[in-house]
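What follows is a set of notes on a single structure, which appears directly below.
Throughout, read-outs are computed from the coordinates displayed, never taken from laboratory work. Predicted model, so just to flag it, every value in this text is computed and none were measured. Here the Cβ positions follow ideal geometry from the backbone for every residue, glycine too, while neighbour counts run over all protein chains shown.
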């Protein structure tokens, strides 16, 4: 069921006490799925704030609710308890205002559209004029290094290029928040390294807030300013780690002792969350 | 073109074997009657003469391929296309009701499918019946439809087209429901993140995703439509159409006519399916389909 | 949840009010009976449903009783008053129909927890729909006084089925038990054997597959008159038509199915040095089963169509197709409908049996597991 909400105008952005709206603010967030085998606690008591310009990774084993949390932020799932605000609004209002771009695990490009037309899709839906669309397509495809591939169809591109096109599609309408659900999970490690680097460059250039789900420890440490470690049954946050690596990160930062120390802490956090089930 | 060549040789060989077997069967099936005929005439033809005679009876049990080909050629190319003896005329009569019926059936099928995809109550109450209808021989209604309409003075194209309509409606409805539901969850979620409206989801996602399903089901539907039109020509002793031609042949034991009509019907069927297939290919190409 | 007035209920109430006004204007004693009680029942059910509020199961039950009670009143009232129904009758009928529609809508919105309830709902909802096709058919045919010669009401057809069971059973035996079954078994068997042969010899496969695919589009049913000439009027000629019609779907599906097993599994069999036949029986045929059953299901319908239509070209004086064509000629349309009902039932049962066997054989397939 795709319950698409009506287009009622959302109220003006309320401002939090501090005067600056957090991009994401969740408190005591919980979500219970009713499955055929009974209720499943997918998220439990999640407290989290994400400020503007942060790059936050969510890491944990499968079933820990990291994707679910991202989907709650995106209003693709409704929480069953607690509160969550996105840009100071409910997720639904934020979605209606097209506050975020979402990148899925697979590129999810429409096979019947060229790369340019795929990037144009959200722009068409949002009613942006043709001339403006062309300009934005040019700009975003350049941003992900896909200039020159406008006329190609998805199947004519490699997996990594397809995923870059889907990132371009998420960037095309200039939302300040980018939600990425294991976007490079299906790619091989060499391509993934390359895309990680490009993503960091893109983040530096655009100054967007990024929420990034992954199950790779090196990826999380390499990319993030903050790492949210989660564990399953019930899905919950077990640790939040600030990484103090410099913003400028060449790939070989991954051999530095600071990097390895953070990675070790993430690994410990994952182990702690897991220990009870063995 | 390699794949085409790798097909032509085997298909050609098989068809050649078929033709040879056909001639052999013609001798076997027409032989007894020919022997009977010869005995009564007091003739004792040689082997070769006997074979030739089994292949040139006026009303053979199994006409030889060249007899069918001659009859087909004669009644297609040598008579005026609008005369009652022309196969083109009869094919056209059947084809016209097929076309009209198919067009309405496909349109109706698409419309119902759109309704089923958008209204839960329609989906839950109508869809099971549409699926069940695939398992019943609905073609059996054809004679009744024709006769009942004839009894209130409606004859000709309309009742035949009606039968073609309901035969082509079901496969299109089923295929189109499948097609409109074919978008992946991820694509639907994507549209939701854009806060797309229902019409936007429909036109930008569901419709393009459904087109391959539509064309696949229309191929089935157009063939069913033709069968419907042919069968609809049987009960009233219709004067024109492939079905009428078959029935007349059966009445007067004009086996060669029956076979020629069958050939005409098959050609029409292949042409119709090829036409739908071509439309599908063109659409696929326009939508950037990967060359198979 | 907003407490609102569903449009079906609103329209039903409107229909009741207009119907009541019009019924007042008609002369007492004329026209179908029971219009007043039916109008009252519809109004009562509609009002009670609104009062129920947010209890969908109770609402649905109430709507169900109201709609079908009113329909029953109207149908028993119109019998014997054929052709005399006025606007008030139809308004009462549409009121009842709207209640049934609302009932289906409420039921469709239910989210049952258990599998059993889900299955029950999956049965009830289409049954209500089917019942209303029959109710509207009956009511309109009787109400508008359409001659039974042209379109008999369901009740007359049911009566005819009851009276003519012996004839229908004889026709069923002749057409289904003799022609269809024999032709189906021979045709599917021959198609299967041809497919195995085509699988062994690449050349044969390359030749047969395009021909088989094309045959799916051809009006094969046209060979019926020829078969009647060759095999006589009795059932063997019909079985022959069925053989030809079922052969090609089986051939094509089996050939495609035999290539459905994965490369990895086939390589595995190679590492065991497994020969053609062991690989066929242990891997490729099981993997082909979903395709083979697809053909068996398609063919179950094709076989019935083939046998019935072939009988249009001549039969001894028994058989479903024979009955349909002769009774149509005599304008005994109710008998034709009876025969069609039997054919529909036979088709559904035939298909259902094949589908049941399929579930038992291909229990591992995702489409059966529901995975």
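Take the conditions (1) within 10 Å of another protein chain (Cβ to nearest Cβ); (2) crowded, with 23+ Cβ neighbours inside 10 Å; residue B:217 misses just one of them, which is (1). Considering the conditions (1) more than 11 Å from chain C (Cβ to nearest Cβ); (2) touching a helix residue (DSSP H, G or I) at 6+ places or on another chain (Cβ under 9 Å); (3) in a helix (DSSP H, G or I), residue B:203 is excluded by exactly one of them, (2). Can you report the number of residues in the stretch B:87-116 which are surrounded by fewer than 18 Cβ atoms within 10 Å (Cβ to Cβ) and within 14 Å of chain C (Cβ to nearest Cβ)? Residues in the stretch B:87-116 being surrounded by fewer than 18 Cβ atoms within 10 Å (Cβ to Cβ) and within 14 Å of chain C (Cβ to nearest Cβ): 1 in total.
Restricted to the stretch C:303-328, and to residues there that are free of Cβ contacts under 8 Å to residues at least 12 places away in the same chain and surrounded by fewer than 22 Cβ atoms within 10 Å (Cβ to Cβ), the residue that is farthest from the other protein chains (Cβ to nearest Cβ) is C:317.
Within 11 Å of chain B (Cβ to nearest Cβ), surrounded by 14 or more Cβ atoms within 10 Å (Cβ to Cβ) and more than 30 Å from residue C:87 (Cα to Cα), is that true of residue C:167? Reasoning before the result, please.
Values: within 11 Å of chain B (Cβ to nearest Cβ): no; surrounded by 14 or more Cβ atoms within 10 Å (Cβ to Cβ): yes; more than 30 Å from residue C:87 (Cα to Cα): yes.
No.
Just one of the listed residues (A:187, A:202, A:195) is within 23 Å of residue A:114 (Cβ to Cβ) and in a loop (DSSP other than H, G, I, E, B), and it is A:187. Within the stretch C:91-109, the only residue that satisfies the criterion of being buried (at least 24 other Cβ atoms within 10 Å of the Cβ), without any contact (Cβ under 8 Å) to a residue 40 or more places away in the chain and at the interface with chain B (Cβ under 9 Å from one of its Cβ atoms) is C:104. Would you call residue C:87 within 30 Å of the chain's Cα centre (by Cα), within 28 Å of residue C:151 (Cα to Cα) and touching a residue at least 12 places away in the same chain (Cβ under 8 Å)? In short, no. All conditions in (1) farther than 30 Å from residue C:104 by Cα; (2) not in a loop (DSSP other than H, G, I, E, B) hold for residue B:110, with the sole exception of (1). Residues that are within 29 Å of residue A:34 (Cα to Cα) and in contact with a helix residue (DSSP H, G or I) (Cβ under 7 Å, 6 or more places away or on another chain) were ranked within the stretch C:110-130; the one that is farthest from the other protein chains (Cβ to nearest Cβ) is C:112. Which residues, counting only those in the stretch C:329-362, are closer than 15 Å to residue C:177 by Cα, surrounded by fewer than 16 Cβ atoms within 10 Å (Cβ to Cβ) and either within 10 Å of another protein chain (Cβ to nearest Cβ) or over 19 Å from the mean Cα position of the chain (by Cα) (or both)? Residues satisfying the conditions are C:345, C:349.
Looking across the stretch A:87-128, just one residue is farther than 29 Å from residue A:51 by Cβ, touching a residue at least 60 places away in the same chain (Cβ under 8 Å) and more than 7 Å from every other protein chain (Cβ to nearest Cβ), and that is A:109.
Report yes if residue C:365 is touching a helix residue (DSSP H, G or I) at 6+ places or on another chain (Cβ under 6 Å), more than 8 Å from chain B (Cβ to nearest Cβ) and surrounded by fewer than 23 Cβ atoms within 10 Å (Cβ to Cβ), otherwise no.
Details: touching a helix residue (DSSP H, G or I) at 6+ places or on another chain (Cβ under 6 Å): yes; more than 8 Å from chain B (Cβ to nearest Cβ): yes; surrounded by fewer than 23 Cβ atoms within 10 Å (Cβ to Cβ): yes.
Yes: the conditions hold for residue C:365.
Taken over the stretch A:145-185, the residue count meeting the criterion of being within 25 Å of residue A:131 (Cα to Cα) and facing chain B (nearest Cβ under 10 Å) is 9.
Hey, among B:260, B:279, which residue is more than 8 Å from every other protein chain (Cβ to nearest Cβ), touching a helix residue (DSSP H, G or I) at 6+ places or on another chain (Cβ under 9 Å), crowded, with 24+ Cβ neighbours inside 10 Å and part of a helix (DSSP H, G or I)?
On the way: B:279 fails: crowded, with 24+ Cβ neighbours inside 10 Å.
Going through B:260, B:279 in turn, just one is more than 8 Å from every other protein chain (Cβ to nearest Cβ), touching a helix residue (DSSP H, G or I) at 6+ places or on another chain (Cβ under 9 Å), crowded, with 24+ Cβ neighbours inside 10 Å and part of a helix (DSSP H, G or I): B:260.
Here B:289, B:243 are screened, and the one residue that is more than 17 Å from the chain's Cα centre (by Cα), at negative phi and within 11 Å of another protein chain (Cβ to nearest Cβ) is B:289. In summary, residue B:274 fulfils each of the numbered conditions (1) surrounded by fewer than 17 Cβ atoms within 10 Å (Cβ to Cβ); (2) more than 13 Å from chain C (Cβ to nearest Cβ); (3) without any contact (Cβ under 8 Å) to a residue 60 or more places away in the chain with the single exception of condition (2).
Given the condition within 19 Å of residue B:271 (Cα to Cα) and outside any helix (DSSP H, G or I), answer yes or no: does some residue in the stretch B:69-79 qualify? No: zero hits.
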